[in-house]
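The next block holds one structure in the form of structure tokens; read it before the comments.
The values are calculated or read from the model by the stated rules, or taken from the named source; none is laboratory data. Just so it is clear, the structure is predicted and the values come from calculations on it, not from any experiment. Cβ: placed from backbone, ideal geometry, glycine included. Neighbour counts: every protein chain shown. Surface areas here come from the heavy atoms of the whole protein model, side chains and all, with no ligands, DNA or RNA. Shrake-Rupley method; radii C 1.70, N 1.55, O 1.52, S 1.80 Å.
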Amino acid sequence: MAEDLVLDTAIRDWVLIPLSVVMVLIGILRYFVSKLMRSFQVPDPKIVKEGQVIVRARNLRAAANFIPPKSFRSRRVYFSNEENGLLFVPKGQAQNAQAQMFSDPNMAMDMMKKNLSMIIPQTLTFAWVNFFFSGFVAAKIPFPLTQRFRSMLQNGIDLSTVDVSYVSSRSWYFLNLFGLRGLFSLILGEENATDDTQRMMQMSGFGFDPSKSLGAEKDGLDIVQHEWALPKFEHRAEAVLKKLVS
Amino acid sequence: MVSKTEESQLNRLENQVDNGGGGAWEYLCLARKLKVRRPEKALKYGLSILNDSKKRYALGPEQWTLYEQVAIAAMDCQCLDVAKDCIKVLQKKFPESKRVGRLEGMLLEATGSRAEAEKAYSSLLEDNPLDQVIHKRRVAMAKAQGNISAAIEWLNKYLEIFMADHDAWRELAEIYVSLQMYKQAAFCYEELILSQPTVPLYHLAYADVLYTLGELENLQIAKKYYASTIDLTGGKNTRALLGICLCTSAMRQLSKGRNKEDKESPELQSLAAKALEKDYEQIADDKLGLLTCALRSLKI
């Protein structure tokens, strides 16, 4: 349909703006609730040590060319030695990390709490939007879309001839859900619990972190070729001094 | 380490507060953030804020951090009563806190009851074995008592867990140098160079230790590191220039019997000597004679 539908300004006043306002308020509420519920997590000494080992190994890899070859080689052996090297993780232990993650009661409780604080408000708001704001066209998207998006964006609207650019309020809800992240980081500062999308991405890549990164560091260290940069420095120092003296 | 801009900012604030221009709170915050140790100023301005109840309430929850800062500054200046009062206030507010427990331990240390302080620190560490500050306080206490071997032991244990803490490596290196355990000190300096390769201070210290160890091989490496220090500081570091001269002459003495000439940078020594003379002309003219004598004796 090439005609433009004229949408009532009342829709803007009573649907779009209240929905955004409500989502912002719910986000702020979640932030404060999560702050209250955050339990003090005692860091595990083993994990701290592994973290530090990784930093040290990374430094070694990065600045390897600054220390004499003998020192570099002895350090490399220290890290990747078969029996008691710091980075060496025997195969059996590697898989246990994830199982451990789930069986550790504290960690499981923490994950549960974080998930709950994310899922419940989302579900409630979604249900509320569906109940009150369905069955009418809420907004027009400024660019044309294909017919594929019809089922996604026009859920409450049962007319199949309406242009796909006219969407229901459910799509406005989703737009707000992903878009308000920037606004929250402005208002609430960097660390806020409303980063849903980041959390969802984090959940999939959880658990293997410690042992895998150790193995990765070890491989990286094995690959490094030591090329001592210091002789070059002598020539550079000569050049500097020549310039200084002349 | 504090960068130049931060240091100049801190000094500017300090001047401002000294001359009555206000801004004491910003000065204290900056000093706390940069972990700079200026106890007299911190004590004076901190107390002035704390004793003025209006200003204290204006700070809100930050006043407890200020109490902690003033307590530590007071202990530094040996005003132990002030420190005791601050700690009492903090204890009333946060009865079971580990941070306050740490301050109590420090107060015990300051009053000289070292054994009790040691007990307090050990019990705090049992509760929380990963508290870095308490580990470091234990090392500092052992060092102050003169028990250097215990200090080394504690520091090594600390570094086994927290091996990325370069301040600790630096402290260990200095302790080893004071005990003349140069090989271990060289290892620590290598760690420091690895973590911060562009800081000329570590190159210089490493070169010094290698030069002290002697042996032709070490001297060659030391010369290279003096050269890198010169490169990193743009030729302004007098100690590195002298180091180059000394290294080259020592190498020449050691390799007198063999015919091994240093082919890599033959001009480095003469250039370094010239740069040194130029520096001394500009800065310390009266000592130029001493320098020329010393350089001449090296060329033997």
Residue among B:LYS92, B:LYS54 that alone is of a type in the set (Lys, Arg), surrounded by fewer than 13 Cβ atoms within 10 Å (Cβ to Cβ) and modelled with pLDDT under 80: B:LYS54
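Can you tell me which residues in segment B:270-287 are open to solvent by less than 50 Å² (accessible area, probe 1.4 Å) and under 31 Å from the mean Cα position of the chain (by Cα)? Write out each step before concluding.
Within segment B:270-287, the first condition is being open to solvent by less than 50 Å² (accessible area, probe 1.4 Å), and the residues that meet it are B:271-273, B:275-276, B:279, B:284.
Residues satisfying the conditions are B:ALA272, B:ALA273, B:ALA275, B:LEU276, B:ASP279, B:ALA284.
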Which listed residue, of A:ASN176, A:ASN130, is touching a Leu at 6+ places or on another chain (Cβ under 8 Å) and either of a type in the set (D, E, K, R) or farther than 18 Å from A:LEU7 by Cα (or both): A:ASN176
Verdict on B:ALA222 being modelled with pLDDT under 85 and part of a helix (DSSP H, G or I): no
Tally, over segment B:1-44, of residues that are closer than 30 Å to B:PRO197 by Cα and part of a loop (DSSP other than H, G, I, E, B): 7
Selected residue (criterion: nearest to the other protein chains (Cβ to nearest Cβ)) from residues of segment B:138-185 that are of a type in the set (Gly, Ala, Ser) and open to solvent by 30 Å² or more (accessible area, probe 1.4 Å): B:ALA164
Some residue of segment A:150-172 being open to solvent by 60 Å² or more (accessible area, probe 1.4 Å) and touching a strand residue (DSSP E or B) at 6+ places or on another chain (Cβ under 8 Å): yes
Qualifying residue in segment B:240-257 (condition: open to solvent by 60 Å² or more (accessible area, probe 1.4 Å), more than 12 Å from chain A (Cβ to nearest Cβ) and at pLDDT below 80): yes
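Does B:SER228 satisfy the condition of being open to solvent by 20 Å² or more (accessible area, probe 1.4 Å) and within 8 Å of another protein chain (Cβ to nearest Cβ)?
For B:SER228, the condition - open to solvent by 20 Å² or more (accessible area, probe 1.4 Å) and within 8 Å of another protein chain (Cβ to nearest Cβ) - is not met.
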Selection status of A:SER34, within 22 Å of B:GLN184 (Cα to Cα) and either at pLDDT below 80 or among the small types (Gly, Ala, Ser) (or both): no
